[in-house]
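Peer 1: This is the structure I have questions about; it appears just below.
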Amino acid sequence: MNFIHAKQKAAIDVERLGLITSFVAVAEHLSFVEAANALGQTPSTISRKVTRLEDSLGTRLLERTTRRVAMTEAGRLYYDQCVTVLGGLAQAEALVESLSTEPRGLLRISIPVAFGRLHLSSAILDFMEQYPDVRVEANYSDRFVNLIEEAYDLVVRIGHLPDSNLIVRKIAANKRWVVASPGYLARCGTPLVPADLATHSCMSFTHYSAGGNVWRFQRGDDVEVVKVSGDFRSDNSEAVLEATRRGAGISVIAAYLCHDSIRRGELIPLLTDWSSIPEAGIYVAFTHAKHISPKVRCFIDMLSQRFRSPPWILD
């Protein structure tokens, strides 16, 4: 018989745990004085608590004489159950404490396709080697996911996330370059100001220009808005990069994706005294700043350290 659940009135609360702890101490020491010393209380306080516990259960747990204390049959059964319960509570607290300090468990993240493939895949593997108790589910997608409804711990995105319900941190600098191949520029000429783009074949990454083929630029306080057109659009930034390298037109491409092509001379930066807007920093977003889990905190710290001097920043 499980005496803990024998009666509805025996539901465990903080006060009852105190009574149980007192009884267990007496049962283990077979002495009210020694139990009181162990718990830092007076013998009379311990005696009152054990009596209250017995009254609530409707049975005697201890036989008391002037010389000795002994457990009744009910007391022995109850003691065994109480030790199991108290041990389980201690184990649960230890587990929670370890979760609050050591990264462990499943980390679900959503990351952009190209950036994830080029720069995050190896970072994730390094993170898992450093924290072997963490499992990672990485979903590669350029769509804006609902972090809460889709149960992600963390999302990585290019450009600032507008959702005010999320905690957003910038982990790396980045910018968008206006680029074209040397072959295209030799055939079609080089635009010198943003307005010149209206007469060129411009290719769009649809997640950047979701509102239409409208490109925006800023230089100091000046802002230029240009309606562009071209024969190729894609929701895959790497496809736009390849089309640009092959001379199909001009595009706006994130530095993390095109920096190697620029260094190799496959692409030429254009309008370098203008900045493409909106800005394109690398951000992470999560839900709880006060109670951020160790796995999320350590992953963000690792990314921030890794991309402190990102390889795509051109001199």
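Please treat every number below as a calculation from the coordinates, not as lab data. Just so it is clear, the model here is predicted, and its values are computed rather than measured. Note that we place each Cβ from the backbone using ideal geometry, even for glycine, and neighbour counts take in every protein chain shown.
Peer 1: Of all DSSP beta bridges in region 176-277, what percent run antiparallel (nearest 5)?
Peer 2: So the antiparallel bridges amount to about 75 percent of the total.
Peer 1: What is the helix-to-structure angle for 73-99, meaning the angle in degrees between its Cα long axis and the longest Cα principal axis of the chain, kept from 0 to 90 and rounded to the nearest 10?
Peer 2: Between helix and principal axis, roughly 20 degrees.
Peer 1: Which order do F144, F127, F115 fall in if you start with the one that has the fewest other Cβ atoms within 10 Å?
Peer 2: With the sparsest Cβ surroundings first, the list reads F144, F127, F115.
Peer 1: With each label point set 7 Å from Cα along the Cα-Cβ vector, what nm distance links Q91 and A198?
Peer 2: 7.4 nm
Peer 1: Moving to a separate point now. What's the extension gain from T287 to L77 if we count 0.36 nm per residue and subtract their Cα-Cα distance?
Peer 2: Full-extension gain reported as 71.0 nm.
Peer 1: Residue by residue through region 247-264, what is 3J(HN,Hα) from phi via Karplus (6.51 cos²θ - 1.76 cosθ + 1.60, θ = phi - 60°)? Round to whole Hz and write x for glycine and proline.
Peer 2: In residue order, the calculated couplings are x, 7, x, 9, 9, 10, 10, 4, 4, 4, 9, 9, 4, 5, 5, 5, 5, 7 Hz.
Peer 1: Roughly what % antiparallel, to the nearest 5, for the DSSP beta bridges in the chain?
Peer 2: Of those bridges, close to 65 percent are antiparallel.
Peer 1: Can you give me the long-range amide H partners of D142? Hydrogens built in the peptide plane at 1.01 Å from N, cutoff under 5 Å, separation of 5 or more residues or another chain.
Peer 2: V113
Peer 1: So for the chain, taking the charge dipole from beta-carbon charges (+1 Lys/Arg, -1 Asp/Glu), which of V33, P103, L314 sits furthest toward the positive end?
Peer 2: Ranked along the dipole, the leading option is V33.
Peer 1: In whole Hz, with x marking every Gly and Pro, tabulate ³J(HN,Hα) for region 40-57 from phi via Karplus 6.51 cos²θ - 1.76 cosθ + 1.60, θ = phi - 60°.
Peer 2: x, 10, 8, x, 5, 5, 4, 4, 5, 5, 5, 4, 4, 5, 4, 4, 5, 8
Peer 1: Continuing with the same structure: Report the gain in length on full extension from Q130 to N37: 0.36 nm times residue separation, minus Cα-Cα distance, nm rounded to one decimal.
Peer 2: Extra length available between Q130 and N37 comes to 28.9 nm.
Peer 1: Which of M302, M71, M128 moves the most in a Gaussian network model of the chain with Cα springs under 10 Å?
Peer 2: Of the options given, M71 has the highest mean-square fluctuation.
Peer 1: Here is a further query. Place a +1 charge on the Cβ of each Lys and Arg in region 103-212 and a -1 charge on the Cβ of each Asp and Glu, then give the dipole magnitude about the Cα centre in debye, rounded to the nearest 20.
Peer 2: For this selection, approximately 320 debye.
Peer 1: Here is a follow-up. Could you work out the per residue convex hull volume over the alpha carbons of the chain, in cubic angstrom?
Peer 2: It is 189 Å³ per residue.
Peer 1: Check which residues have an amide H placed less than 5 Å from V136's amide H, if you skip close sequence neighbours.
Peer 2: Excluding prolines and chain starts, which carry no amide H, the hits are L107.
Peer 1: Taking springs between alpha-carbon atoms closer than 10 angstrom, which of A255, A25, A172 fluctuates most in the Gaussian network model of the chain?
Peer 2: Result for the chain, Cα springs under 10 Å: A25 fluctuates most.
Peer 1: Can you list the residues, at least 5 places off or on another chain, whose amide H is less than 5 Å from the amide H of G230, using H built in the peptide plane?
Peer 2: Those qualifying (amide H under 5 Å, at least 5 residues apart or on another chain) are C202.
Peer 1: Under a 10 Å cutoff between Cα atoms, tell me which one of H200, H29, H119 has the largest fluctuation in the Gaussian network model of the chain.
Peer 2: H29
Peer 1: Could you give me the ³J(HN,Hα) list for region 224-236, computed from phi with Karplus coefficients 6.51, -1.76, 1.60 and θ = phi - 60°, whole Hz, x at Gly and Pro?
Peer 2: Using θ = phi - 60°, the values come out as 10, 10, 10, 8, 10, 8, x, 9, 9, 9, 7, 8, 10 Hz.
Peer 1: Angle between the Cα long axis of helix 14-29 and the longest principal axis of the chain, 0 to 90 degrees, nearest 10?
Peer 2: 50 degrees
Peer 1: Another one. With +1 on the Cβ of every Lys and Arg and -1 on the Cβ of every Asp and Glu, and nothing else charged, how large is the dipole of the chain about its Cα centre, in debye rounded to the nearest 20?
Peer 2: Around 440 debye, computed over the chain.
Peer 1: Could you please rank K227, K49, placing first whichever residue has the fewest other Cβ atoms within 10 Å of its Cβ?
Peer 2: The most exposed by this proxy come first: K227, K49.
Peer 1: Would you list S237, S229 from fewest to most Cβ contacts within 10 Å?
Peer 2: Placing the least packed residue first, the sequence is S229, S237.
Peer 1: Another question about this same structure. Taking +1 at the Cβ of each Lys and Arg and -1 at the Cβ of each Asp and Glu, which of V179, I158, S276 sits farthest along the dipole of the chain towards its positive end, judged by Cα position relative to the Cα centre?
Peer 2: After comparing all options, I get I158.
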